[in-house]
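The values are calculated or read from the model by the stated rules, or taken from the named source; none is laboratory data. Predicted model, so just to flag it, every value in this text is computed and none were measured. Cβ coordinates were reconstructed from backbone atoms using ideal geometry, including for glycine residues, and neighbour counts include every protein chain displayed.
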Amino acid sequence: MKNLLRTTLTAAAALVATQVGAFAQQIYLNELYISHSGTDLYEFIELKTAPGRSLDNIVVLVVEGDWSSTGNEGTLDRAWDLTGYTVPASGLFVLGTSGLQSGVGAQFTANYNFGTQDRLENGSNTFYLVDAGSPANVAALLAKLNQDVDPDNDGITVIPTLSTILDHCAVVDGGINQVAPNFPDRIYDGAIQLGPEGVGTTAFLPGGVFRGIGAPAPWCADYLDFNEAANALEPRTPGALNSVCPSAVQIVNYCTSGTTTNGCNAVMGYTGLPSLALGAGGFTVNCTSIEGAKTGLIFYSVTGRLDYQWGGSTAFLCVKSPQQRTTTLGTGGIAGACDGSISLDFFDYITTLNPVALGTPFAPGNQAWFQCWFRDPPSPKTTMLSDGLEVTFIP
């Protein structure tokens, strides 16, 4: 019986090890930057997988999706064989243009240089990451370049007969919304649709697409834009951790700020993003418009909102007990003016200054409710409160 149990446990451990190893070797399309203002010099396709993974027999493919009267849709436009390459320590492998290393903003030297410019067509396309399994199948795929891989026009290509599809997605423009007598653009082999931006047939192709923080997270509903200024909230990140999906951020002001002796109404705010992956410096909670030359602090709860009048003042206690007080600070500013402020680097606070603080360790989906307390001697309770700030943490 003991031998049977030992054998069963050994087999179970081997199965778990195999599953963990298989998960670690999964490989994904992680970020694509297709088009930007001016000549497309900074295009790239980023893959994510385990560091050190061999890319032998791995091929990246692009199939034309733009419908045309000449039947160009279904053509295999691009095929890049990654045999001989290995994924670097970052776990991110970038196919990109030579100009990517001198681009405005995110500069990076591609691991696989696929040309100088205009390597990714500005139209509807399906992008594939496949494992051909053998050099012979790699050669067979490459032989299909510039040929129709969907000859019977049923949306199913010959690609699955020559390889295993590891990941694929279709990035589309307004052509996907075409109606008779024209035909809509095509998406192949059941790929997820990303885009277009806008409505109708004039909708734009996204400048790029990305997974929030990186695979295996899903693709963001927010798209990379055509210029760096517009990418402020979701900058392209070749070879580095992906941006957070801006639409995933849930931060809400609530409750009523009290009016101080000098007519100040303190307001809670923030900078950065409440992404747990960012760490110290990534998310700062602040309180502004406090009376100058006073002292105060930011405190928080993890149990919810409250709306309880603060003595006989105009302020309300906005967070439930128990509460975590942070460090008392000077507000700065000028006495009698509303130019004081207090800020809290929250991730630094919970990881370095007070790693056993209320709510730690935080996980994606957890919430915290913040408020600011500060001195105001002439008021009924000799202190005053800001409004509240509700924050939901993301990966």
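Structure notes:
- Taken together, 328, 314 contain a single residue that is at negative phi, loosely packed, with under 15 Cβ neighbours inside 10 Å and either touching a Gly at 6+ places or on another chain (Cβ under 9 Å) or outside the structural domain of residue 280 (by TED's automatic domain parsing) (or both), which is 328.
- Matching entry among 261, 237, 288 (being surrounded by 15 or more Cβ atoms within 10 Å (Cβ to Cβ), part of a loop (DSSP other than H, G, I, E, B) and of a type outside the set (Phe, Trp, Tyr)): 237
- Test: residue in the range 31-46 that is polar (S, T, N, Q) and free of Cβ contacts under 8 Å to residues at least 40 places away in the same chain: no
- Which numbered condition residue 175 fails, given (1) over 30 Å from residue 134 (Cβ atoms); (2) surrounded by fewer than 22 Cβ atoms within 10 Å (Cβ to Cβ); (3) in contact with an Asp or Glu (Cβ under 8 Å, 6 or more places away or on another chain); (4) not β-branched (Val, Ile, Thr): (2)
- Cβ-Cβ contacts under 9 Å between residues 6 or more apart (or on different chains), taken from a first residue in the range 116-135 that is in the same structural domain as residue 95 (by TED's automatic domain parsing) and buried (at least 22 other Cβ atoms within 10 Å of the Cβ) to a second residue that is polar (S, T, N, Q) and part of a strand (DSSP E or B), are listed as 130/164; 132/164.
- Residue count for the range 264-285 under the criterion of being modelled with pLDDT under 95, buried (at least 18 other Cβ atoms within 10 Å of the Cβ) and part of a loop (DSSP other than H, G, I, E, B): the result is 4.
- Test set (1) over 15 Å from the mean Cα position of the chain (by Cα); (2) buried (at least 19 other Cβ atoms within 10 Å of the Cβ); (3) within 19 Å of residue 73 (Cα to Cα) - residue 167 fails condition number: (3)
- Candidates 308, 300 - the one that is without any contact (Cβ under 8 Å) to a residue 40 or more places away in the chain, in the same structural domain as residue 327 (by TED's automatic domain parsing) and either touching a helix residue (DSSP H, G or I) at 6+ places or on another chain (Cβ under 6 Å) or not in a helix (DSSP H, G or I) (or both): 308
- Lone unmet requirement of (1) hydrophobic (A, V, I, L, M, F, W, C); (2) more than 17 Å from residue 283 (Cα to Cα); (3) not in a strand (DSSP E or B) for residue 357: (2)
- Looking across the range 136-172, the residues that are touching an Asp or Glu at 6+ places or on another chain (Cβ under 7 Å), outside any strand (DSSP E or B) and not hydrophobic (A, V, I, L, M, F, W, C) come down to 157, 160, 163.
- Within the range 198-216, the presence of a residue that is assigned to a loop (DSSP other than H, G, I, E, B) and of a type in the set (Lys, Arg) is excluded.
- Tally of residues being over 23 Å from the mean Cα position of the chain (by Cα) and modelled with pLDDT of 95 or more across the range 95-113: 2
- Candidate set: the range 1-60, residues that are at pLDDT 95 or above and surrounded by fewer than 20 Cβ atoms within 10 Å (Cβ to Cβ); chosen: the one nearest to residue 206 (Cα to Cα): 28
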